[in-house]
Each structure stands twice: as structure tokens, then as C-alpha cells.
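Enquirer: This structure is in C-alpha cells; I'll ask about it shortly.
No value in this document is a laboratory result; all are computed from the given coordinates. Computed from a prediction, not measured in an experiment: that's the story for all the values here. Because the Cβ atoms are built from the backbone with ideal geometry, glycine has one as well, and the counts that use them run over all protein chains shown.
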Amino acid sequence: MTAEELLERAAKYLPSEKLTLVSAAFDYAAAAHAGQLRMSGEPYLEHPFQVALTLADQQMDATTLAAALLHDVTEDCGITLKQIEEEFGPDVARLVDGVTKLSKLALPILDELQHRPSVREQQAENLRKMLVAMAEDLRVVFIKLADRLHNMRTLAVMPPDRQQAIARETLEIYAPLAHRLGIWDIKWQLEDLAFHYLEPRKYSQVAKLVASRRVEREDIVVDVIQILRNEVSRLAVNADIKGRPKHLYSIAQKIERYAAQGRQFNEIYDLLAVRVLVDTISECYHTMGVVHNMWHPIPGAFDDYIANPKPNGYQSLHTAVLFKGTTPLEIQIRTRDMHHVAEFGVAAHWRYKEDGRDIAAEERIGWLRQLVDWHREMAGAEEFLESVKTDIFNDQVFIFTPKGEIKDLPKGSTPVDFAYRIHTDLGNRCAGAKVNGRMVPLDYRLSNGNVVEIVVSKKDKGPSRDWMSPNLGYVKSSHAREKIRQWFKKQARNENIDLGREMLDKELKHLGLDTSDRDKIARLFKYDNVDDLFAAIGCGDINTQTIAVKLAAQEQPKPVVVETSITRSSTGGIQVLGTGDLLTNLAKCCSPVLGDLIVGYVTRNRGITIHRQDCYNVAREDEKERFVSVEWGQTVTRYPAKIQIEAWDRVGLVRDISTLLAEEKVNISNMSVNEHKNHTTLLFFDVETSGLPQLSLIMSRIETVLGVTSVVRV
């Protein structure tokens, strides 16, 4: 750890006169942090040094590198911002101040947040402040992302509960933020590091799957590169062709998606991937033609992000082909400039001018400026948090108006979202929609390139209350949901109270609870009287799903525990990592129980014996190679419930309800049917759910099945 290492990297793109500021900041930070150690035992200076190195790799300006080196001195060393400004100027001091404020905004994303609303509200308020501060100077968030990356790399020294909390926060906030800024190099590292701590068993499994046939895949990639290089050279194209590294978190997500579609791991086509870098856009398309002439393209796997860049500025051609007719292979083709943007995102364009701003770079991220407007519009911090997570961090689709204007919406948006995206009044009067000239239902999921025309009502009747139900799927974006909520807030209070009472009683009936629980629910939501609660429900501030979540946090029914394991085991839940389907037995010498740290010992004729790690016999064993990694199997908690469904009798009724329950991953343990002479039927389902929220969700969905007239919990 020397200043020379950092200066050498920065000298590749910064003029020599700018390096003086970086060198001075390093010396100042070294003196300020002298004698301080991190929890890992290493000198504290190592942290700001690594943050600055990461930013130098992103080719950030000298002011940002200096602020990165100094970002902890005011908080940990008793140095004031005024001293920083006197020594390094107002720009460095302002960035240090911004990063310091963000560091104080601890965002505790913990599993128990749903049971601790005050913590949830604090997290939402902190995130609001953080993102709005980012809109003032993006360099603050570049430093914060680099800071989080080094903290994740050194997370092993933290206690397990902090590891989980920090990793979850990283996966939910910081990795999507890096993605939205287009900083792939930081995004994939944050995701993989968080994945490692949040799901270590799955991380290990995916890593082993990827490594299992690595040599074979690498040989294929070498062949592909050689063949492609020979063909491209005939075009006189100067191309760099390399294999593309694998991102474990992304592969894990694809494994889940493929499994849901009944497809296998070896069908994931970008396990084998090649990237081609050329000089010009025309060479990108010529090279793509060469690829498609040599190998058969996989249908639906071609994406032109050059003509249609992603919101974060990413540009490239993506295709998937069958190499030699059998092996799926992904190929990405882009210019070298596009590759630089793909790796470093907005940072690749962040070249500060005399006034400290690069307007072109800021225009590429206009979404961030929306935060300031939303900050003013949103009634509360939690609404703002929801808006950020759904409207900014999610993938987007690009929709055309009939006049050819492009509107970006969160993936999964509907015509109702589109209408509110155009204008609030258009959303309030939306009565129908045409997509590509064809009438579609209002819960239709829009896709990239759709042309959407909204059919408006002649009467000014306002939006439907059904649009606010999260179970019915009419609205995806929180922007539209907030506009609908605002419309109902303007309606008469008495009307909202009557409707809210009706909606609450219906939900309580769903859950098998008595209406006397109204007062209790009002207290849960911190309302002084039930009328205020009714009004909040009636205008959409509270939905019935939220009520189920609150009640679930208060009371949990007696659980039925179902143990799951990746191997069969006489011990009912021991998982043996990397050894196949083997018999396991608990060692009698130390009698391990659930929660003990354990290790497996491969015996000669009795499978694997499970010992405590501190067992005397484990310490004495000479053949250490016979020990294997094992862990206690995970348990999935299911709660039994009985629901009664009244419906008009028809062919396929039971099938439709059973299919719906299967889609929600709800187990049916028993079912009975009582048919009546008036062509109605009474169905009873014994189901096992994860709790009241899921029970409320499936009952709301069953109500939408054709012919169903009522659903109640018995």
C-alpha cells in the first residue's frame, strides 16, 4: 500500500499536474489514520486506499480520488470540513461531506423489518435523503459504491447477523444502483459477494455446477475464438475476441427461471460466452452477419442494444447461436467505446469541465433528476422507497404512443401505468386500451416496442378502486398507484369510511377473524379511532394485503414443519456438500443436535457419520482427507388452513382453482366438494401456506376465478 501504486494507475489518464492533489490527499490521510486499525487488524488506511484504487480503475477525476482517500477523516480522526477545505479546496470538502452524511444513514435491511415498522420507516427516510443527495453530485455515489465494494470484500470479520444485514442491503439497494448507473464492473461484484453471504449453500452449488465442466467449455471457447478470428480477419476488421467471465448470481437466477420452465442447467446458453470488440458501429453489424452465416441463431435470442440502448446507456449486439449445431453459445459484439461504457457506465463519461459539471453525462441519467420531483410529490418516505425500488431499480420496457413518442416504464407495467405516465387526467379517465391496434384488458403486461392507445371514458368517473389491489395486477408502477391514491383522497371522507369498513370486514371474513378485531387493527396502524382506519383503507393508503402482514406479525398459527434436504438421510435433514446421495448417521461419541457446528466423516461401510466440529475423535483423526463439509438441512414452515369456496358449478372449476394454488406454491392436503341442486357447489380446500399474507393473497386470487361467488376461511 503505497501512494506510487495509486498514482501509477491515475497517471494513465490524468495529467501530471492533477496527480499532485491525489498525492497530497494520500499523505494527509496516512497521517490522520496513523495507528488506527480495522476490525480485520489491517491498517485503517487500507480502506480509503482500496476505495481510491477502485475509482482510479473507473478513471475518475483527481477531486474524486482525493475525496475517496479523505472520506473517513472527518468522522474518525477529529478533522473538520473547514480544515479539509483549507487544505484541498471546496470541491473536495463538499464530496467528503456528502459521503460522510451518507455513511451516517445506516440502512438496516433486516428480516424482521416487517415486524418493526419504525425501523422500516427510518430506512425509507434515509434512502430518500441519500438518493436526493446523489442528484446534487453523482461523484458522491461513485465513492459510496466503491466504499461498499471494499466493505463487502472484507465482510468476513463481521458477526453473522451484520453480514446478513449488510449483504441484503447491498443486494437490494447498492447493486441495483450500480446497475442503473451502468457500472457493470462494480454491480456484478456486489451481487456475487452479497449472494455468497446470503445463500452460501446455493452459492457453493452454483460455483460447483459452473466448474464441473469448465475445461470442456474453455476448449469450446478457444475453438470459437479461433474460427471467428479467422473469419473476421477476412473483412479487414481489427477485432479483439475474448471469452466472457461468468457472474454466479446471474447464473443462479437463470437456473431458477429455467427450472420453472422445466429446462436444464446445460441449456443456459451464456455459460459459454464470447465478446467481440471492434472500432466502428458498421463493423459490429458486419461481424454479426459473419456469426449468423457460420452458426444457426437461436430464435428470440437476438437483441440490438446499439439501435435501442438500455436506460443506463449500455450499447451492444447480443445473439445466441448453436455452435456446431448442438452447443448453445452467446456472443456480444460492441465497439471499444461501448465496452468502456458497459464496464464503467456513467463514470465513463464523467469528465468534469471548468464549472465542475458535464451536462452530457448528466443528461444520460435524467431518471436521477426525477427523484427530486418525486421527493416533493410523495406523501411519505415509504412511498418514496417503494417508488425507487419499482420505478428506478427494476428493469424497464419502452412503449410507443400512437404519435411515436417513447415512454419508459417498469417491466411488467400495464396500460393503466402507461396512461398515468402520459398524464394524470388520462389515467383517471382510462376505460380501455389498444396494444398494436388490438383491444387488450387493462391488466395486460406491456412489452418492449408496444404501441399503446388509451380509450378514455366520456364520463369523469375517476379510476377504479380495483386498480389499487396488489393482487389483481392492474398497476405496477408506484407513480400510477400514488396518483390513484391521491384521487380517492379527494373524495368525500364519509364515502371512504363506508367503503373502508366494507373492505376491512371482507378481509377479516377472508381470514376467519371477527369484526371485533377492528379496534386492534386501528391500534396496529396507529390510528386513534376506527373511522380514521376505514378512511385510510377507503382512499387506498392501506391495502388489505398490508393488514394481513400486520396481523401475521402479531399472531402465528401452530406450524406444520416440513423438512427439505438435497440428499436422503437417516438423520432427517443433513445436507452433504459435493458427495452425492449418501446415507448419514449421527455420531454417538458427541451426539450433535440441530444448531451445532458439524463435519462429516466418510466411513468404509456406513456412509457418512456426522460429528460436532469440536469432537475429540475429529481432533484425533489422522486421515483428514476423509472429512467432508456438511450442514443442517433447511426447514420450510407451512401453516395449515381450511378455506370454503362458493361457486357456480361448471366444468374445469376445480382444475382452475388447483392450478392457481400450484402457481402460488401452496400445497393442497385435502379437498372435498358438496354439490347443490341449484347448480352451485361448495368446495373445501385444506391448504398449507407460509402465513396470513399468502393466505390473503390466494383467497383474493381465487375470487377472480370464473364462477366463484365467495371465499372464506373456515
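Enquirer: Taking amide hydrogens as modeled 1.01 Å from N in the peptide plane, which residues meet the under 5 Å criterion relative to residue 306, leaving out close sequence neighbours?
Expert: Residues meeting the criterion, in which the H sits 1.01 Å from N, are 316.
Enquirer: Would you mind putting 404-410, 473-479 in packing order, based on average other-beta-carbon counts within 10 Å, highest first? Each step should come with its number before you reach the end.
Expert: Working: 404-410: 14.7, 473-479: 23.1.
Output ranking for 404-410, 473-479: 473-479, 404-410.
Enquirer: Please give the Cα centre distance for the range 185-255 versus the range 269-343, rounded to the nearest Å.
Expert: What the calculation gives is 15 Å, centre to centre.
Enquirer: Something else now. Provide the net charge surrounding residue 643, with neighbours chosen by a C-beta distance below 12 Å and charges set as Lys +1, Arg +1, Asp -1, Glu -1.
Expert: Numbers: positive: 509, 642, 701, 713; negative: 646, 686, 688, 703.
With Lys, Arg at +1 and Asp, Glu at -1, the neighbours total 0.
Enquirer: Okay, next question. What are the residues whose amide H is under 5 Å from the amide H of residue 77, where those residues sit 5 or more places off or on another chain and H is modelled from the backbone?
Expert: Distant-sequence amide H within range of residue 77: zero hits.
Enquirer: Within 10 Å, count the other beta carbons around each residue, average over each peptide in 7-13, 441-447, and list them highest first.
Expert: 441-447, 7-13
Enquirer: Moving to a separate point now. Please list the non-local residues whose amide H lies under 5 Å from the amide H of residue 432, H modeled 1.01 Å from N, same-chain partners needing a gap of 5 or more.
Expert: Counting only residues 5 or more places away or on other chains, the set is 455.
Enquirer: Also: Gain in length, residue 20 to residue 250, computed as 0.36 nm per residue apart minus the alpha-carbon separation, to one decimal in nm?
Expert: Working: separation 230, 0.36 × 230 = 82.80 nm, distance 4.09 nm.
Result for the pair: 78.7 nm of gain on full extension.
Enquirer: Right, something else. For the modelled label position 7 Å from the Cα of residue 455 along Cα-to-Cβ, which residues of the range 398-414 have backbone nitrogen atoms closer than 19 Å?
Expert: 401-403, 414
Enquirer: Convert each backbone phi in the range 463-475 into a coupling constant with the Karplus relation 6.51 cos²θ - 1.76 cosθ + 1.60 (shift: θ = phi - 60°), then list the ³J(HN,Hα) values in order as whole Hz, x for Gly and Pro.
Expert: Per residue, the Karplus-derived 3J(HN,Hα) values read x, 7, 5, 4, 4, 7, 6, x, 7, 8, x, 7, 10 Hz.
Enquirer: For the range 1-86, place one equal point scatterer on every Cα, skip the solvent, and apply the Debye formula. What is log10 of I(q)/I(0) at q = 0.19, 0.24, 0.25 Å⁻¹?
Expert: -0.79, -1.18, -1.25
Enquirer: Once fully extended, how much extra length lies between residue 405 and residue 668, figured as 0.36 nm per residue of separation less the alpha-carbon to alpha-carbon distance? Before the final figure, lay out the partial values.
Expert: Details: separation 263, 0.36 × 263 = 94.68 nm, distance 4.81 nm.
Gain in length upon complete extension: 89.9 nm.
Enquirer: Can I ask one more? HN-Hα J couplings of the range 320-329 from phi, Karplus 6.51/-1.76/1.60, θ = phi - 60°, integer Hz, Gly and Pro as x?
Expert: Karplus-based 3J(HN,Hα) across the range 320-329 equals 10, 10, 9, 6, 6, x, 10, 9, x, 8 Hz.
Enquirer: Using 1/(1 + (r/R0)^6) with R0 = 22 angstrom and r between the beta carbons of residue 208 and residue 625, what's the FRET efficiency to the nearest 0.05? Don't skip to the answer; put the middle values down first.
Expert: Working: r = 18 Å, r/R0 = 0.83.
The computed FRET efficiency comes out at 0.75.
Enquirer: Next question, about the same structure. Structure shown: which of 403/483; 208/588; 254/665; 403/490; 489/520; 144/310 lie over 21 Å apart, alpha-carbon to alpha-carbon?
Expert: In this structure, 403/483; 208/588; 403/490; 489/520; 144/310 exceed 21 Å between Cα atoms.
Enquirer: If you take the beta carbon distance between residue 526 and residue 298 as r and set R0 to 60 Å, what does 1/(1 + (r/R0)^6) give as a FRET efficiency, to the nearest 0.05?
Expert: Rounded to the nearest 0.05, the efficiency is 0.65.
Enquirer: Now, a different point. Just grab the label-to-label distance for residue 46 and residue 686, each label 7 Å out from Cα along the Cβ direction, in nm (one decimal).
Expert: 5.8 nm
Enquirer: Another question, if that's okay. Quick one: 3J(HN,Hα) in Hz for the range 521-527, Karplus 6.51/-1.76/1.60 with θ = phi - 60°, rounded, Gly and Pro as x.
Expert: Taking θ as phi minus 60°, the curve returns 5, 4, 5, 4, 8, 6, 9 Hz for the range 521-527.
Enquirer: Please report, to two decimal places, log10 I(q)/I(0) for the range 392-504 at q = 0.10 Å⁻¹ as given by the Debye formula with identical point scatterers on the Cα atoms and no solvent.
Expert: Once normalised to I(0) and log-transformed, intensities are -0.29.
Enquirer: Now for a separate question. Using per-residue counts of other Cβ atoms within 10 Å, averaged over each peptide, order 462-470, 430-438 from highest down. Write down the numbers at each step before the final one.
Expert: Values: 462-470: 17.4, 430-438: 15.1.
Per-residue mean Cβ counts within 10 Å order the peptides as 462-470, 430-438.
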